[in-house]
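Report on the structure given below.
The values are calculated or read from the model by the stated rules, or taken from the named source; none is laboratory data. Since the structure is predicted, the reported quantities are computational estimates derived from the model, not experimental observations. FYI the Cβ positions are ideal-geometry reconstructions off the backbone, even for glycines, and counts take in every protein chain you see. We work out accessible area using only protein heavy atoms, side chains counted, and drop any ligands, DNA or RNA first. Shrake-Rupley method; radii C 1.70, N 1.55, O 1.52, S 1.80 Å.
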Amino acid sequence: QQPKSQWLNFVKTSKAATKIRQALQIQRTEKKPEKTKKETAIKSITIKSNEDKAIKLAKCCKPVPGDEITGLLTTKRKISVHRLDCENLEKMQNQRKVNVEWGVKGKGNFAVSIRIIAAEKPGLLSETLSVFAKANARVLSANAKTTLNNLTEGTFEIEIKNIKELEQIMQKIQNIKGVQKTERA
């Protein structure tokens with residue numbers, strides 16, 4: 001078992017507290033990641049940055065390799081990577097922007113959401129799922145409903161490798177008879 005910093009609240013002797021602090025210091029030095037200050041790997045994709053901070057992909061816009069991106073320094077001292085067209089960027093203007101860019105392309109899968117609006121017809125869901133299957137895109141979630149004006153609105157979360165693959169899938173869905181609009185959600 002490894003000592004935890006909370007133990008310092010319960011320890012009774014100064015000698016024990018000293019030993020715990022020493023062990024915690026050793027843990028911190030051992031856990032320092034071996035990475036350069038310029039690159040952080042996320043899902044086998046490298047994001048280049050001039051900051052030595054943890055990097056995470058924003059869940060609101062779900063950037064994928066090929067998207068134009070920007071980084072924001074969060075209150076938790078991490079860099080949150082967003083697409084440049086993310087709706088939430090305007091709300092976060094008080095956060096410091098950090099230059100980030102996609103680095104070497106890897107073999108990761110990235111979750112994206114697609115919103116589809118189409119005329120309601122039998123087999124529409126089946127045709128849409130068929131496009132995903134042919135592209136080997138794993139469907140993580142699907143939500144479809146029919147509106148009052150006989151339109152079907154569907155939101156699908158799928159896993160893809162890059163922006164090119166996403167564009168091909170969206171184009172094939174747009175070619176399905178009755179589909180009026182296909183966009184990233």
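The figures follow:
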{"quantity": "Conditions (1) of a type in the set (Val, Ile, Thr); (2) within 15 Å of the chain's Cα centre (by Cα); (3) farther than 18 Å from LYS56 by Cα: number failed by VAL81", "calculated": "(3)"}
{"quantity": "First in region 76-96 and hydroxyl-bearing (Ser, Thr, Tyr), second anywhere and in a loop (DSSP other than H, G, I, E, B) and open to solvent by less than 30 Å² (accessible area, probe 1.4 Å), Cβ under 7 Å, 6 or more apart", "calculated": "SER80/ALA58; SER80/THR74"}
{"quantity": "Residue within region 110-117 that is part of a strand (DSSP E or B), hydroxyl-bearing (Ser, Thr, Tyr) and modelled with pLDDT under 90 present", "calculated": "no"}
{"quantity": "SER126 part of a helix (DSSP H, G or I), farther than 22 Å from LYS53 by Cα and either of a type in the set (Ser, Thr, Tyr) or in contact with a helix residue (DSSP H, G or I) (Cβ under 7 Å, 6 or more places away or on another chain) (or both)", "calculated": "yes"}
{"quantity": "Residue match in region 126-134 (condition: of a type in the set (Phe, Trp, Tyr), closer than 29 Å to VAL179 by Cβ and modelled with pLDDT under 90)", "calculated": "no"}
{"quantity": "Test: THR146 is open to solvent by 30 Å² or more (accessible area, probe 1.4 Å), touching a Ser or Thr at 6+ places or on another chain (Cβ under 7 Å) and farther than 29 Å from TRP102 by Cα", "calculated": "yes"}
{"quantity": "Any hit, region 82-95, residues being open to solvent by 50 Å² or more (accessible area, probe 1.4 Å), in contact with a strand residue (DSSP E or B) (Cβ under 9 Å, 6 or more places away or on another chain) and of a type in the set (Lys, Arg)", "calculated": "no"}
{"quantity": "LEU140 being closer than 29 Å to VAL81 by Cα, in contact with a strand residue (DSSP E or B) (Cβ under 6 Å, 6 or more places away or on another chain) and either in a helix (DSSP H, G or I) or at pLDDT 95 or above (or both)", "calculated": "no"}
{"quantity": "Of residues in region 55-78 being of a type in the set (Gly, Ala, Ser) and more than 10 Å from the chain's Cα centre (by Cα), the one farthest from GLU159 (Cα to Cα)", "calculated": "GLY71"}
{"quantity": "Which listed residue is outside any loop (DSSP other than H, G, I, E, B) and either in contact with a helix residue (DSSP H, G or I) (Cβ under 7 Å, 6 or more places away or on another chain) or open to solvent by 90 Å² or more (accessible area, probe 1.4 Å) (or both), from ILE176, ILE169", "calculated": "ILE169"}
{"quantity": "Test set (1) open to solvent by 40 Å² or more (accessible area, probe 1.4 Å); (2) more than 20 Å from GLU87 (Cβ to Cβ) - PHE132 fails condition number", "calculated": "(1)"}
{"quantity": "ILE114 touching a Leu at 6+ places or on another chain (Cβ under 6 Å), within 18 Å of GLY66 (Cβ to Cβ) and surrounded by 17 or more Cβ atoms within 10 Å (Cβ to Cβ)", "calculated": "no"}
